[in-house]
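The next block holds one structure in the form of structure tokens; read it before the comments.
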Ligand code: SF4
């Protein structure tokens, strides 16, 4: 069986894809990126925003047109929240809601009666799925969330917190390492909640991975700012834990944060950012901001712009608020008109661009290792391209012609690239 896997939305959905790909391969199926020749297509959908819903539908229709004989399995938040509507539309062989995702491969194999070849028949290197960079693996370690932020649909779709046990995660990373993966990213719906059901904390997991695997780089996915475990900063003394943290702020106005039912206020966030920068020199802090949450006044938005500028982030992911049925915020009064949401998003984009420029400038002259992912934009004559430990993109100029993919190279950060988005790196003489 030839199987194609596609993910929309967050890194977590991509992490799940990696797990399924491995499980399909263990059963002897071949994982391929060519959906037109696939016997089975699995689509891991997303419903966090209306745009994500639109894209999920689009990918589904395109797949049905491109390969009418393939059997189609749809999972993810869109499949969970719109089960009936999707079932009525037809053309889908199996819908797997989020609660049953952990058994997706088993269920698909059983329900669709898929023939599996013996393990030894697997083509070597068949996993071309992650051609965009086999050096980085997203490891799903946690699912579900105990909190109920007013805008968040993910928590409704994913249920209670569940953590993968330490040995399972360590094994997966060691397997990836043996296959040439140089960087593991820990992902979860609510990563900071890892271990809540095991009587452990995220620091236990990170410590075990650093001690029991040889993975050269370990990164953390998005972490809610109120949940950093005790002893967290000490872990960064190990240079294999990358100095980058994505801490979703969502708003820089305390009254909006209260309405959002967030657990962290601005003064706590500011303390946390200061501590991060003292304890982990050179750390890159990035965040999420929602523009136009219900009832957000001009004054509250101004507070957000000022607070974000005061903290200074290397990158800001900006979301214009879109109501998701079933969430508390969707029924709140004073929904903000679309044009105002757009205007606020534009203002935040401008600020984010300026802050990114400042962050890149602050790195000039540093000597750091970059992990080369390939040629920029995948062009054969593009610059070699990779990320610094603190997750800033760097383009390597005047490099030798040899293939540098997946190499950790010590470089000097010499300039800002004319694209304004990345650093120019040179090899030391
Ligand atoms: S903590 Fe994160 S996952 Fe949980 S409800 Fe809030 S935004 Fe959603």
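The values are calculated or read from the model by the stated rules, or taken from the named source; none is laboratory data. Small disclaimer: the values here were computed from a predicted structure and weren't measured. Reconstructed Cβ throughout: ideal geometry from the backbone, glycine too, with neighbour counts over all protein chains shown.
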Say whether the condition of being farther than 30 Å from residue 290 by Cα, crowded, with 23+ Cβ neighbours inside 10 Å and in contact with a strand residue (DSSP E or B) (Cβ under 6 Å, 6 or more places away or on another chain) is met by at least one residue in the stretch 47-59.
no
From (1) farther than 30 Å from residue 293 by Cα; (2) within 19 Å of the chain's Cα centre (by Cα); (3) surrounded by 20 or more Cβ atoms within 10 Å (Cβ to Cβ), pick out the condition that doesn't hold for residue 102.
(3)
Which of the residues belonging to the stretch 163-172 are out of contact with any helix residue (DSSP H, G or I) (no Cβ under 6 Å at 6 or more places or on another chain) and farther than 15 Å from residue 191 by Cβ?
165, 167, 168, 171, 172
Yes or no: the stretch 415-429 includes at least one residue that is at pLDDT below 90 and touching a helix residue (DSSP H, G or I) at 6+ places or on another chain (Cβ under 8 Å).
yes
Give me the residue from the stretch 133-155 that is touching a helix residue (DSSP H, G or I) at 6+ places or on another chain (Cβ under 8 Å), over 16 Å from residue 186 (Cα atoms) and modelled with pLDDT under 85 and, out of that set, farthest from the ligand (Cβ to nearest atom).
153
Could you check, for the stretch 260-278, whether at least one of its residues is in contact with a helix residue (DSSP H, G or I) (Cβ under 9 Å, 6 or more places away or on another chain) and closer than 25 Å to residue 372 by Cα?
no
Does residue 289 count as within 16 Å of the ligand (Cβ to nearest atom) and either in contact (Cβ under 8 Å) with a residue 24 or more places away in the chain or within 30 Å of residue 240 (Cα to Cα) (or both)?
yes
Is there a residue being touching a residue at least 60 places away in the same chain (Cβ under 8 Å), crowded, with 20+ Cβ neighbours inside 10 Å and more than 30 Å from residue 389 (Cβ to Cβ) anywhere in the stretch 264-286?
no
For the stretch 269-286, which residues satisfy the criterion of being out of contact with any strand residue (DSSP E or B) (no Cβ under 7 Å at 6 or more places or on another chain) and either within 15 Å of the ligand (Cβ to nearest atom) or in a strand (DSSP E or B) (or both)?
269
Go through (1) surrounded by 21 or more Cβ atoms within 10 Å (Cβ to Cβ); (2) within 22 Å of residue 140 (Cα to Cα) and name the single condition residue 252 misses.
(2)
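To keep it simple, each residue is scored yes or no on (1) in contact with a helix residue (DSSP H, G or I) (Cβ under 6 Å, 6 or more places away or on another chain); (2) free of Cβ contacts under 8 Å to residues at least 40 places away in the same chain; (3) assigned to a loop (DSSP other than H, G, I, E, B).
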| position | (1), (2), (3) |
| --- | --- |
| 313 | yes, no, yes |
| 323 | yes, yes, yes |
| 334 | no, no, yes |
| 339 | no, yes, no |
| 345 | no, no, no |
| 361 | no, no, no |
For the stretch 219-234, what are the residues that are buried (at least 18 other Cβ atoms within 10 Å of the Cβ) and at pLDDT 95 or above?
232
Can you find, within the stretch 175-215, the residue that is nearest to the ligand (Cβ to nearest atom) among those that are out of contact with any strand residue (DSSP E or B) (no Cβ under 6 Å at 6 or more places or on another chain), more than 14 Å from residue 144 (Cα to Cα) and assigned to a loop (DSSP other than H, G, I, E, B)?
201
Test: residue in the stretch 293-302 that is within 16 Å of the ligand (Cβ to nearest atom), touching a residue at least 24 places away in the same chain (Cβ under 8 Å) and either in a loop (DSSP other than H, G, I, E, B) or within 30 Å of residue 334 (Cβ to Cβ) (or both):
yes
Residue count, the stretch 245-260, condition under 20 Å from residue 320 (Cβ atoms) and either under 24 Å from the mean Cα position of the chain (by Cα) or within 12 Å of the ligand (Cβ to nearest atom) (or both), comes to 8
Residue 257 passes all but one of (1) surrounded by 15 or more Cβ atoms within 10 Å (Cβ to Cβ); (2) in contact (Cβ under 8 Å) with a residue 12 or more places away in the chain; (3) under 23 Å from residue 189 (Cα atoms); which number fails?
(2)
Could you tell me whether the stretch 2-25 includes any residue that is surrounded by fewer than 22 Cβ atoms within 10 Å (Cβ to Cβ) and more than 20 Å from residue 138 (Cβ to Cβ)?
yes
